[in-house]
Amino acid sequence: MRAQQPFPQPAAPVHGFVLSVGLTEEQARSAGTSLANIMHALETQLTAMLPTARTQVSYLPTSSSRGTNVRQLRPAPSQAHRGAAELGLVLDLSRGRARLDGHDVDLSLREFQLLRALILARGAPLNRDDLQSQAWEGETAPSSERTVDVTVRRVRSRLGDYARIIRTVRGVGYRFDPQPGVRVLIPREERLARAVG
């Protein structure tokens with residue numbers, strides 16, 4: 001058994017660290033799991049160990065898409081002057097807003113609540129009744145389940161290239177499907193609840 005080498009201590013003060021794991025969805029599936037499950041487990045462990053730390057989990061695009069269906073994300077020429085942190089889709093659950101390539105996405109409260117419900121389901125599909133009760137929380141739910149479909153269509157249209165984060169699950173409803181370039185910022189209290197739950 002090879003002795004584990006200790007990590008060198010940084011010479012200057014640091015803000016945090018980045019952990020990169022080279023793993024495809026196919027490799028995760030062959031191990032009996034998924035990238036979403038691995039990311040959730042890592043986030044849960046970090047939250048349990050360091051409840052006050054701000055953790056952020058996101059996918060990275062592959063440098064080569066051979067053998068995978070992950071597309072390489074390249075900024076459009078008009079975006080070249082922006083910082084890399086502004087590119088992609090950021091879903092900030094604590095502020096109730098979405099930003100696409102540095103610009104706010106025009107989502108109504110109801111549309112964001114629907115998106116939030118899907119995100120917090122952690123990849124599990126939600127049926128229309130579940131989405132109605134969560135997105136219309138505290139209000140009279142719409143009489144037709146088609147209203148949920150219309151709301152999903154509106155959210156997808158506003159997310160542009162990232163519309164695929166809302167997947168249709170035939171015979172069930174919808175689920176959140178993380179994509180490269182999508183970052184989800186989860187409030188500390190939500191992370192703690194997920195770590196305990």
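The values are calculated or read from the model by the stated rules, or taken from the named source; none is laboratory data. Owing to the predicted nature of the structure, the values given are computational and were not obtained by experimental measurement. No Cβ is skipped: glycine too gets one built from the backbone with ideal geometry, and neighbour counts run over all protein chains shown.
Please work out which residue is surrounded by the most Cβ atoms within 10 Å (Cβ to Cβ), limiting yourself to the stretch 160-175 and to residues that are of a type outside the set (A, V, I, L, M) and touching a residue at least 60 places away in the same chain (Cβ under 8 Å). Filtering first and then ranking leaves Y162.
In the set R97, R74, R128, only one residue is at pLDDT below 85 and charged (D, E, K, R); that residue is R74.
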